[in-house]
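My questions all concern the structure below.
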Amino acid sequence: MALMPLTAFLFQKKEENENVTDELILLINEIAAACKEIAGKVRKAGLLGVLGSAGKVNVQGEEVQKLDELANEILFQSLKNCGKVCQITSEEVEDALIVSEAGYAVAFDPLDGSSNIDVNVSIGTIFSIHKDSVMQPGREQVAAGYVIYGPSTMLVMSLGDGVVGFTLDPESGNFLLSHPKIELPEKGKIYSINEANRNKWTSEGLRWFIDYLKTEKYTQRYVGSMVADVHRTLLKGGIFIYPADEKNTNGKLRLLYEAKPMAFLIEQAGGLSSDGTQSLLDIYPHELHQRVPVIIGSRWEVEKCLEYIKEYG
């Protein structure tokens, strides 16, 4: 049986979901097309001379990779030219670009996990779509998703009514519906956290929780690319944590470009998200590059983690 292309899926959803408009369909297709181009650059990065540092730092104070710049430019130009976007903001750029007064507002991380680029580990693009402004709580997202550039290129997204996955067919050039309903298991057996920072975590309860998981024979898996780690969590269950520590007292991951869209996907797939006190989707952003602690995953693990944090701090 033939698999449904992305565009056909979106038009089918338009009949079921009032938030899916012709304009949103065009916008998502534009993002998908840009990510296809980025996927091609990622595959040929070693041949195009775009591996390594660009010799500058971004607004986050992080070293910019050449492929970061390239992906950012591809997305910016695609979104500016599609005619359906009023506001564009990127993790790599200090200020939002205001295109018009009304329409869709898009926040994106052009290439998440860029420190892994040089060693050919899976990386990805994350996007979040709101009406009119990105400065809204995550529950107001009309769509969010990511594209993972791995052994295959996959687009995983939610329109607010569940989570679906599309795999890029290199022969036709289409994203085809390969995962029609992604749901997290209630409980998993994998935890994902950088334990090298254990002594720097500001939460004693988190240390107790991780020790508990080890007694329950959980397996640790940590790639260091949020897209890759969350993708595995979505498909296999378990928990992904990027906590606050002595250096990053407010957390390190960005609310608009990473935490909010990933929390939307996780919760739409039946899981939970938290910053340690509330759902990531309930946080009202007060600045474009706001950082937050991130706890996301299967319902059982997230609830258990929060119990330990509440008891031990």
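The values are calculated or read from the model by the stated rules, or taken from the named source; none is laboratory data. From a predicted model like this one, the values you see are computed outputs, not experimental measurements. Ideal geometry is used to build each Cβ from the backbone, glycine not excepted, and the neighbour counts take in all protein chains shown.
Go through segment 111-153 and give me each residue that's in a loop (DSSP other than H, G, I, E, B) and either over 21 Å from Lys44 (Cβ atoms) or among the acidic types (Asp, Glu) (or both). Explain how you work it out, then say what you get.
Here is the first cut: in segment 111-153, the residues in a loop (DSSP other than H, G, I, E, B) are 113, 120-122, 132-137, 141-142, 150-152.
Correct list: Asp132, Ser133, Val134, Met135, Gln136, Pro137, Gln141, Val142.
Among the residues of segment 211-223, is there at least one that is surrounded by 16 or more Cβ atoms within 10 Å (Cβ to Cβ), modelled with pLDDT of 95 or more, touching a helix residue (DSSP H, G or I) at 6+ places or on another chain (Cβ under 6 Å) and under 19 Å from Ser115 (Cβ atoms)?
Checked segment 211-223: no residue is surrounded by 16 or more Cβ atoms within 10 Å (Cβ to Cβ), modelled with pLDDT of 95 or more, touching a helix residue (DSSP H, G or I) at 6+ places or on another chain (Cβ under 6 Å) and under 19 Å from Ser115 (Cβ atoms).
Being modelled with pLDDT of 95 or more, more than 22 Å from Val121 (Cα to Cα) and assigned by TED's automatic domain parsing to the domain that holds Ile28 narrows it down to one of Gly162, Gly173, Gly145, Gly205, so name that one.
Values: Gly173 fails: modelled with pLDDT of 95 or more; Gly145 fails: more than 22 Å from Val121 (Cα to Cα); Gly205 fails: assigned by TED's automatic domain parsing to the domain that holds Ile28.
Going through Gly162, Gly173, Gly145, Gly205 in turn, just one is modelled with pLDDT of 95 or more, more than 22 Å from Val121 (Cα to Cα) and assigned by TED's automatic domain parsing to the domain that holds Ile28: Gly162.
Something else about it: Is it true that some residue in segment 274-291 is among the polar types (S, T, N, Q) and surrounded by 21 or more Cβ atoms within 10 Å (Cβ to Cβ)? Explain how you work it out, then say what you get.
Here is the first cut: in segment 274-291, the ones among the polar types (S, T, N, Q) are 274, 277-279, 290.
Imposing the further condition that a residue be surrounded by 21 or more Cβ atoms within 10 Å (Cβ to Cβ) reduces the set to 274.
Checked against the condition, which is being among the polar types (S, T, N, Q) and surrounded by 21 or more Cβ atoms within 10 Å (Cβ to Cβ), segment 274-291 yields at least one hit.
On the basis of being of a type in the set (D, E, K, R) and crowded, with 21+ Cβ neighbours inside 10 Å, does Glu92 make the cut? So that I can check it myself, show each step before the final result.
Details: of a type in the set (D, E, K, R): yes; crowded, with 21+ Cβ neighbours inside 10 Å: yes.
In short, yes.
Separate question: Of all residues in segment 95-116 being among the β-branched types (Val, Ile, Thr) and surrounded by fewer than 22 Cβ atoms within 10 Å (Cβ to Cβ), which is nearest to Lys260 (Cα to Cα)?
Only one residue tops the list, namely Ile98.
Step by step: first the residues of segment 224-257, then only those that are closer than 17 Å to Tyr191 by Cβ and polar (S, T, N, Q), then the one that is surrounded by the most Cβ atoms within 10 Å (Cβ to Cβ). Which residue is that?
Thr233
Residue by residue through segment 30-60, note down the ones that are at pLDDT 90 or above, touching a helix residue (DSSP H, G or I) at 6+ places or on another chain (Cβ under 6 Å) and under 23 Å from Asn120 (Cβ atoms).
Ala34, Glu37, Ile38
Looking at segment 170-196 only, could you name the residues that are touching a Pro at 6+ places or on another chain (Cβ under 9 Å) and either among the hydroxyl-bearing types (Ser, Thr, Tyr) or more than 16 Å from Ile239 (Cβ to Cβ) (or both)?
Within segment 170-196, Ser172, Asn174, Phe175, Leu176, Leu177 meet the criteria.
On to the next question. Quick check on Asp169: is it among the charged types (D, E, K, R) and loosely packed, with under 15 Cβ neighbours inside 10 Å?
no
Condition check ((1) more than 14 Å from the chain's Cα centre (by Cα); (2) at pLDDT 95 or above; (3) of a type outside the set (Asp, Glu)) across all residues:
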| site | (1), (2), (3) |
| --- | --- |
| Leu265 | no, yes, yes |
| Asp275 | yes, yes, no |
| Asp282 | yes, yes, no |
| Ile295 | no, yes, yes |
| Ser298 | yes, yes, yes |
